[in-house]
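The values are calculated or read from the model by the stated rules, or taken from the named source; none is laboratory data. Note that this is a predicted model, so its numbers are computed, not measured. Heads up, the Cβs are rebuilt from the backbone with ideal geometry, glycines too, and the neighbour counts pull from every protein chain shown.
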Amino acid sequence: MKFLALLLLPLGVHAADDPWSVAATRIDPAKYHGVTVANGVLGLVSSPEPMKVADVVLAGAYDTYGRGRVDNILKGFNFMNMTLDVNGQPVNGSTVNNFTQRLDMKSAQLVTDFEVPGKLHVKHTLAALRQLPYSALAVVELTAQADVDVTPASVIESPDVLREVKNLYALIDRPHASIGLTTSVGKSPSGRHTVAASTAFIFENGERAALIHEDWDYNRHWTKFTRHLTKGERYTFAVAGSMLASSQVADPHNEAERLTIYAALEGRARLLAAHQRAWDQLWRSDIVIDGDPAIQRDVRFMLYHLYSFAREGTSDSLSPMGLSGLGYNGHVFWDAELWMYPPLLVLHPELARSMLEYRYQRLDAARRNAFAHGYKGAMFPWESASEGQEATPVWALTGPFQQHITGCVGWAFWKYYQATHDKTWLRERGYPVLKEVADFWASRVERHGPGHYDINNVIGANEWQENIDNNAFTNGMAITVLRYAAQAARELGLAPNPDWEHVADNIPVLTFPDGTTRENRTYDGVPIKQADANLLAYPLNIVVGRERIARDLAYYEKRMSPEGPAMGWSTLATLYARQGDPAKAYAMFQRSYQPNKVGPFGVLAETAGGSNPYFATGAGGTLQTMIFGFGGVDLTDAGVVQRPAVLPTGWKGVRVVRDGAAP
C-alpha cells in the first residue's frame with residue numbers, strides 16, 4: 001500500500017547531532033530502567049550488568065497464574081544472557097570501566113561498550129531480529145589490550161514460574177559447520193503451554209571452537225569456549241537464539257532448535273543485513289521535525305517503541321507496556337485502540353491491522369460476554385488476554401463497568417476503513433465487528449423517552465468516578481459507533497438497522513448550565529484522573545466549535561490531577577493545537593511526557609515520577625499530538641487529509657512521511 005508524504009512546512013537542514021541515537025548517561029544500577037529491543041513478538045529489556053538481559057517478553061503467551069486468578073503474560077526463558085571470564089576471573093559491573101550503552105534506533109540495536117581494565121575492550125550488540133519474529137542476535141567484539149584468555153558463555157536461565165524445566169544440549173556436526181545447541185523446555189504454571197528456547201554460537205572464517213556444556217541446579221545452564229587473544233588482536237563472534245511457546249506453534253521445542261540452526265547458518269552478516277532492511281522499511285514512515293533536535297529524538301524514541309512492539313501479519317495487539325515488561329499482566333485495554341493505534345494507522349496501517357485482527361478473532365468471546373451481561377451484540381472485555389474473555393481481576397470494578405472499550409473497538413475498525421478504503425476488509429472484518437458493537441449499544445441503553453436513552457451504571461475514562469450515569473465519553477463513543485455502523489452498512493450496499501441511528505440521536509451528552517460538557521450526571525467538579533469529557537472534541541468530534549471546545553478545556557484542565565496518566569495531557573495538547581494555540585499546546589505536549597522520563601535512557605513511565613516503563617500508551621498519545629495536533633492531519637471519510645499546521649515557537653517545519661513518498 002503506497003501513500004503520499006504529508007508536507008506541513010518546508011524543511012531545512014537537520015541539526016548536526018545524531019537524531020537516531022539514545023545514549024544512557026550516568027548509569028546507576030539502583031535507578032536503572034532498561035530500554036527494550038523488540039521485533040513485535042520478542043522483547044529483550046536491557047540490564048546495567050555487562051552482557052546481561054534483564055527481562056524477556058514473548059507476545060501472545062498467557063497462562064492463569066499470579067495476580068488476580070486471570071490469564072497473565074508468561075515470563076519466558078532469559079535466553080540471551082552471556083557471561084565472560086578474562087584470565088579465569090568473571091566480568092561483572094564492579095570489575096569494568098567506561099561502561100556505556102546506546103540505542104541505535106535506525107537499526108534497532110543496543111550497543112554496550114566497556115573495558116576490563118588493562119586487559120580487554122568489549123563491544124556487545126543486541127538485536128531482536130525483525131525478519132525472524134522468534135529470534136534474537138548478540139554480536140560480541142573483543143579487542144585485547146594485553147595477552148589474555150577469554151571464556152565467553154551463552155546462558156539460558158529459567159524463571160520461577162516455569163515448571164518441569166529440562167535443560168538439553170546437542171551438537172549438530174557437519175563438514176562445513178558445527179553447531180552446539182543449548183536448549184531449555186518447560187511448562188507454564190497450569191501446564192497449558194510449553195515454552196522452549198535455544199541458542200547457538202556463530203563463529204566466523206570457518207572457526208570450530210571446542211564447546212563445553214555445563215548445567216547448574218536445573219534453572220541455569222550454559223555453553224562456553226575459551227580462546228587466547230594476543231595484545232592488539234580483535235576477535236568477533238555471535239550468539240543466535242530463538243524462543244517460542246505452544247501458543248505460537250504446536251511443537252515449540254523442535255521449532256526453537258530449527259530456527260536457531262537456521263539463524264546460525266545464515267550467519268551474522270546476512271542476519272544483520274536482513275534485519276536492517278526490515279527496519280529501513282519501517283522508517284520509511286517517520287515524523288521529521290526541523291528546528292528542535294531534542295524533540296526530534298524524543299519523537300523518534302516514541303515511534304521506535306511503537307514500531308518495536310507491533311508486527312504486521314499477526315493477530316497480536318499491544319498492552320500498555322508493549323513488550324517492555326510484564327506490567328498490567330500484558331493485557332490489552334482501550335490503550336491499544338484509542339492511544340497507540342491512531343499513530344500506527346497513519347504511518348503503518350499494516351501494523352494497525354494486526355491489532356484489529358486481534359479483536360476480530362475474539363469476536364465470539366465478546367458475544368458471549370454480552371450474553372452473560374444480558375445484552376445483545378458483542379461486549380469486549382476491559383482487560384483482554386489470549387482468549388478474549390474478561391481478564392480483569394474480580395476486585396477491580398473496571399471489568400464489568402468500563403464498557404466504553406466496546407465503543408473504542410468499533411471506532412478503531414471504522415477508522416481503518418477511512419484510512420485505507422479497503423472495502424474487502426470492511427466486508428470481511430470491519431462490518432461484522434461494527435454490527436455487533438452497534439447491536440450492543442442499542443440493547444445497552446435504557447429508553448426513557450426522546451433525548452433520554454440513558455447509559456447508566458458505568459465507569460468512564462476518568463476511572464476515579466465509579467458506577468456513574470450518562471458518562472460523557474461513554475455516551476459520546478456509543479453515539480459515534482452507532483452512526484459508524486450505519487455508515488459501514490451503506491458503504492457495502494446494505495440496509496442498516498434503523499434502530500442504530502435512532503438510538504444515537506437520543507443518547508444525551510450532558511452539560512452544565514453554562515454549556516460546559518458535564519462528565520457525568522453527578523459530576524461536581526472534583527479532580528479527575530485524566531481527560532474524559534474533552535475526548536468528545538478530539539477524537540470524537542461531537543463537541544465542536546471553538547467557543548465550546550475552549551470552555552471545556554478551561555474547565556477540565558484545572559481539574560486534571562498531576563497523578564494521572566500521560567495521555568490526559570496529550571489530549572489537551574492536541575486540542576489546543578487544533579484550536580490554533582501553539583504556545584498552550586506546546587506546554588501540554590511537554591507535560592505529556594517530559595516529567596515521565598526515567599533514567600538512564602529516558603524511557604517513559606505511566607505518570608510523572610512513576611517507575612513502570614515503557615508506557616507505550618503515553619507515547620501513542622504524545623504522537624497523536626504531533627500528527628493530529630501540530631501536524632494538522634485528520635482522518636475523515638475522504639481518507640487522510642491535511643489541515644493547517646500549528647507549530648510551536650522555534651520549529652521551522654514538520655513532515656509526517658508515509659511510506660517514504662516524496663511530498
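Annotation: LEU110 fulfils all but one of (1) closer than 30 Å to VAL332 by Cβ; (2) touching a helix residue (DSSP H, G or I) at 6+ places or on another chain (Cβ under 8 Å); the unmet one is (2). Can you find a residue in the range 603-625 that is surrounded by fewer than 16 Cβ atoms within 10 Å (Cβ to Cβ) and either in contact with a Leu (Cβ under 8 Å, 6 or more places away or on another chain) or at pLDDT below 95 (or both)? Yes - at least one qualifying residue is present in the range 603-625.
Test ARG548 against the criterion of being surrounded by fewer than 16 Cβ atoms within 10 Å (Cβ to Cβ) and either in contact (Cβ under 8 Å) with a residue 24 or more places away in the chain or within 20 Å of ASN467 (Cα to Cα) (or both), and give yes or no. The answer is no for ARG548. All of (1) in a helix (DSSP H, G or I); (2) of a type in the set (Ser, Thr, Tyr); (3) within 18 Å of PRO565 (Cβ to Cβ) hold for SER324 with one exception: (1).
Only one of the listed residues (GLY399, GLY476) is without any contact (Cβ under 8 Å) to a residue 24 or more places away in the chain, under 30 Å from PRO562 (Cβ atoms), outside any loop (DSSP other than H, G, I, E, B) and not hydrophobic (A, V, I, L, M, F, W, C). That residue is GLY399. The set of residues in the range 319-332 that are surrounded by 24 or more Cβ atoms within 10 Å (Cβ to Cβ) and not hydroxyl-bearing (Ser, Thr, Tyr) comprises PRO320, MET321, GLY322, LEU323, GLY330, HIS331, VAL332. Of the residues making up the range 554-591, those that are assigned to a loop (DSSP other than H, G, I, E, B) and crowded, with 24+ Cβ neighbours inside 10 Å number 2.
Among residues of the range 341-365 being touching a Lys or Arg at 6+ places or on another chain (Cβ under 8 Å) and of a type outside the set (Phe, Trp, Tyr), the one that is surrounded by the fewest Cβ atoms within 10 Å (Cβ to Cβ) is GLU357.
As for the range 51-74, it holds at least one residue that is under 17 Å from the mean Cα position of the chain (by Cα), among the β-branched types (Val, Ile, Thr) and closer than 23 Å to ALA263 by Cα. Does any residue of the range 127-139 turn out to be touching a Pro at 6+ places or on another chain (Cβ under 9 Å) and of a type in the set (A, V, I, L, M, F, W, C)? No; the residues of the range 127-139 include none that is touching a Pro at 6+ places or on another chain (Cβ under 9 Å) and of a type in the set (A, V, I, L, M, F, W, C). For the range 304-317, residues that are buried (at least 23 other Cβ atoms within 10 Å of the Cβ), in contact with a Leu (Cβ under 8 Å, 6 or more places away or on another chain) and either in a loop (DSSP other than H, G, I, E, B) or of a type in the set (Asp, Glu) (or both) total 1.
In this structure, is ARG521 modelled with pLDDT of 95 or more, closer than 26 Å to GLY618 by Cβ and surrounded by fewer than 20 Cβ atoms within 10 Å (Cβ to Cβ)? Here the answer is no, as ARG521 does not meet what is asked. Inside the range 111-124, residues that are buried (at least 20 other Cβ atoms within 10 Å of the Cβ) and under 21 Å from LEU42 (Cβ atoms) make up a count of 2. Scan the range 132-190 for residues that are of a type in the set (Asp, Glu) and either under 14 Å from PHE201 (Cβ atoms) or crowded, with 22+ Cβ neighbours inside 10 Å (or both) and the total you get is 1. If I filter the range 389-439 down to residues being more than 17 Å from MET355 (Cβ to Cβ) and among the polar types (S, T, N, Q), which single residue comes out as surrounded by the most Cβ atoms within 10 Å (Cβ to Cβ)? Among them, the one singled out is GLN403. Between ASP286, ASP280, ASP217, ASP298, the distinction of being surrounded by fewer than 14 Cβ atoms within 10 Å (Cβ to Cβ), under 21 Å from the mean Cα position of the chain (by Cα) and not polar (S, T, N, Q) belongs to ASP280 only. Within the range 605-638, the set of residues being touching a residue at least 12 places away in the same chain (Cβ under 8 Å), within 16 Å of ASN541 (Cα to Cα) and under 26 Å from the mean Cα position of the chain (by Cα) comprises GLN624, THR625, PHE628, GLY629, GLY632, VAL633, LEU635, THR636. Please count how many residues of the range 58-71 are buried (at least 23 other Cβ atoms within 10 Å of the Cβ), out of contact with any Ser or Thr (no Cβ under 7 Å at 6 or more places or on another chain) and within 22 Å of GLU164 (Cβ to Cβ). Total meeting the criteria: 1. Looking only at residues in the range 626-654 that are surrounded by fewer than 20 Cβ atoms within 10 Å (Cβ to Cβ) and touching a strand residue (DSSP E or B) at 6+ places or on another chain (Cβ under 6 Å), the one that is nearest to LYS415 (Cα to Cα) is ASP634. Filtering the range 365-383 to residues that are aliphatic (A, V, I, L, M), in a helix (DSSP H, G or I) and closer than 20 Å to TRP411 by Cα leaves ALA365, ALA366, ALA370. Go through the range 498-523 and give me each residue that's acidic (Asp, Glu) and farther than 21 Å from LEU572 by Cβ. Selection gives ASP499, GLU501, ASP505. For the range 78-106, a tally of residues being polar (S, T, N, Q), under 23 Å from VAL37 (Cα atoms) and out of contact with any Asp or Glu (no Cβ under 9 Å at 6 or more places or on another chain) returns 1.
For (1) closer than 22 Å to ALA128 by Cβ; (2) of a type in the set (A, V, I, L, M, F, W, C); (3) assigned to a strand (DSSP E or B), each residue gets a yes or a no:
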site	(1), (2), (3)
PRO50	yes, no, no
VAL56	yes, yes, yes
ALA59	yes, yes, yes
ASP63	no, no, yes
GLY68	no, no, no
LEU74	yes, yes, yes
MET80	yes, yes, yes
THR83	yes, no, yes
ASN92	no, no, no
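For the range 267-277, taking the residues that are touching a strand residue (DSSP E or B) at 6+ places or on another chain (Cβ under 8 Å) and more than 14 Å from TYR307 (Cα to Cα), the one that is surrounded by the fewest Cβ atoms within 10 Å (Cβ to Cβ) is identified as GLY267. Counting only residues that are out of contact with any helix residue (DSSP H, G or I) (no Cβ under 6 Å at 6 or more places or on another chain) and either closer than 15 Å to ILE468 by Cβ or surrounded by 13 or more Cβ atoms within 10 Å (Cβ to Cβ) (or both), the range 484-501 holds 5 of them.
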